[in-house]
1. Which of the residues spanning segment 267-279 are surrounded by fewer than 22 Cβ atoms within 10 Å (Cβ to Cβ) and not in a helix (DSSP H, G or I)?
2. In segment 34-47, is there at least one residue being among the hydrophobic types (A, V, I, L, M, F, W, C), at pLDDT 95 or above, part of a helix (DSSP H, G or I) and closer than 19 Å to residue 108 by Cβ?
3. Go through (1) of a type in the set (Val, Ile, Thr); (2) modelled with pLDDT of 95 or more; (3) in a helix (DSSP H, G or I) and name the single condition residue 414 misses.
4. Could you please tell me which pairs satisfy a Cβ distance under 6 Å, a separation of 6+ or placement on different chains, a first residue in segment 152-173 that is farther than 18 Å from residue 304 by Cβ, and a second residue that is assigned to a loop (DSSP other than H, G, I, E, B) and away from ligand 1 (no atom under 16 Å from the Cβ)?
5. Please specify each residue of segment 214-262 satisfying the condition of being small (Gly, Ala, Ser), within 26 Å of the chain's Cα centre (by Cα) and within 16 Å of ligand 2 (Cβ to nearest atom).
6. Looking at (1) touching a Ser or Thr at 6+ places or on another chain (Cβ under 6 Å); (2) at pLDDT below 95; (3) farther than 30 Å from residue 90 by Cα; (4) not aliphatic (A, V, I, L, M), can you tell me which one residue 256 breaks?
7. Would you check if there is a residue in segment 265-277 being among the polar types (S, T, N, Q) and within 16 Å of ligand 1 (Cβ to nearest atom)?
Amino acid sequence: MIYTGVKGTQDYHPALARQFNNLVGDARAVLERYAYQEIILPVLEDEGVFRKGVGEATDIVERQMLKIEGKDNIILRPEGTAQTVRFFLENSLHKQSDFYKFFYIGSMFRGERPQRGRLRQFNQIGVEVFGSHRVSLDAEVIKTASQILAQAGVGEVELKINTLGCLRDKEAFSRLLVERIREHAGHLCEDCRRRREKNPLRIIDCKNDKCKNIVKGLNLEGAHLCAPCKDRFDDLGRLIKEAGVAFVYDPYLVRGLDYYTGTVFEFTSQRLGAQDAIGAGGRYDTLVERLGGPSIPAIGFALGIERMLIALGEPKNETVVAVYVAATSPAMQSPAFMITQQLRDAGINTETDHCEKSLKGQFRYAQRLGVRYVVLVGDEEIKENCVMLKNMQTSGQEKVKIDDLTNKIKNFTTENSEKN
Ligand SMILES: [Zn+2]
Ligand SMILES: [Zn+2]
């Protein structure tokens with residue numbers, strides 16, 4: 001028997017891996033343009049970080065944490081925000097500076113039964129910013145996410161924004177919800193009946209159609225906001241619009257994690273089907289304090305790389321290897337190997353035969369690699385220190401001195417890229 005991959009995990013074959021890395025590279029360039037600094041944190045984390053940070057009554061903590069057997073409190077991280085706050089506090093960064101913009105790219109894990117669009121191991125591009133409550137920062141963070149998605153070429157996305165208001169507003173909203181939902185309690189799903197006690201805002205996130213309809217009928221829109229929070233949200237809308245990002249106001253966007261206050265947002269793509277969120281984020285001004293630190297305002301987002309890849313569609317097979325060096329006879333294998341090495345040393349991506357293939361077989365391999373040039377190493381030419389250089393696009397070929405080969409190929413390659 002052969003083994004299959006663990007359910008809910010994904011293998012990245014070469015074309016997909018390339019697409020993945022291109023996407024990550026483009027994102028990194030955008031993030032650096034916006035002055036974010038990269039951090040790399042472990043995938044193992046104390047589960048307390050999430051129990052305390054994300055909240056006991058959230059889906060992540062109740063059902064989705066992936067524990068390490070035999071290690072009581074070590075889990076595979078389910079998300080990056082609470083972990084980044086742990087890193088921030090452990091290193092007392094607030095004592096060194098008052099403002100930080102971080103980003104990370106890495107794997108997150110969920111223990112829940114995997115389904116389409118919800119993997120057990122998935123990758124995220126996330127940012128976390130500490131030290132400013134200014135609304136201009138909210139707008140910039142949203143613009144950053146939108147820029148990454150645009151740069152990746154994931155096509156049309158919809159941005160929904162809402163505000164939960166300050167902590168007092170959020171609590172008022174929660175109370176209002178509990179009050180108005182009381183008479184409908186009997187019609188809520190089992191999860192929501194439980195949520196009513198422990199984390200009522202989660203009812204708004206419920207995917208159950210019955211619950212959704214009940215919530216829509218409650219008329220909760222904006223009623224809970226104090227005047228400063230309302231003004232702030234109006235300012236945010238204006239700034240985002242000025243930054244050239246289209247959005248819709250969604251009063252029912254609350255995000256299922258305890259740590260959010262104020263601005264929340266979500267990007268969705270029609271290319272994704274039922275699990276249509278491609279990324280989301282918001283303010284978490286109380287999280288640093290929840291995790292034992294001082295009161296420091298913060299905001300961030302995470303984009304799902306696998307969801308972005310789905311939205312991008314099938315990866316193209318791109319040419320990575322530029323040159324194939326073919327030996328026209330067994331005696332030519334040794335010089336072919338030397339020439340291959342000479343080209344590689346000059347920084348040209350080059351491949352040669354390792355399977356004693358016939359010349360025809362070598363050309364087939366060269367074609368599969370999509371190379372631009374084939375160098376034919378033949379007994380006659382080698383006597384004159386020459387090889388034949390064949391252009392695979394034009395099929396033209398010419399005799400070239402081995403000493404000139406590197407320059408010749410380099411010149412062709414630059415001419416080509418200038419034309420493109
Ligand atoms: Zn408020
Ligand atoms: Zn429900």
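The values are calculated or read from the model by the stated rules, or taken from the named source; none is laboratory data. Quick caveat, the model's predicted, so the values are computed rather than measured. No Cβ is skipped: glycine too gets one built from the backbone with ideal geometry, and neighbour counts run over all protein chains shown.
1. Going residue by residue through segment 267-279, those that are surrounded by fewer than 22 Cβ atoms within 10 Å (Cβ to Cβ) are 268-277.
Scanning segment 267-279 gives 268, 269, 273, 274, 275, 276, 277.
2. Taking segment 34-47 first, the residues among the hydrophobic types (A, V, I, L, M, F, W, C) are 35, 39-41, 43-44.
Keeping just the survivors that are at pLDDT 95 or above gives 35, 39-41, 43-44.
Checking which are part of a helix (DSSP H, G or I) leaves us with none.
There is no residue in segment 34-47 that is among the hydrophobic types (A, V, I, L, M, F, W, C), at pLDDT 95 or above, part of a helix (DSSP H, G or I) and closer than 19 Å to residue 108 by Cβ.
3. Exception for residue 414: condition (2).
4. So the pair list comes out as 161/247; 162/250; 162/253.
5. Of segment 214-262, the ones small (Gly, Ala, Ser) are 217, 222-223, 227, 237, 243-244, 246, 256, 262.
Of the ones still in play, those that are also within 26 Å of the chain's Cα centre (by Cα) are 237, 243-244, 246, 256, 262.
Residue satisfying the conditions is 256 alone.
6. (3)
7. From segment 265-277, those among the polar types (S, T, N, Q) are 268-270, 275; that's our starting set.
With the extra rule that they be within 16 Å of ligand 1 (Cβ to nearest atom), the set shrinks to none.
No, segment 265-277 has no match at all.
Yes/no per residue for (1) in a helix (DSSP H, G or I); (2) outside the structural domain of residue 297 (by TED's automatic domain parsing); (3) touching an Asp or Glu at 6+ places or on another chain (Cβ under 8 Å):
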| residue | (1), (2), (3) |
| --- | --- |
| 159 | no, no, yes |
| 179 | yes, yes, no |
| 185 | yes, yes, no |
| 214 | yes, yes, no |
| 236 | yes, no, yes |
| 241 | yes, no, no |
| 254 | no, no, yes |
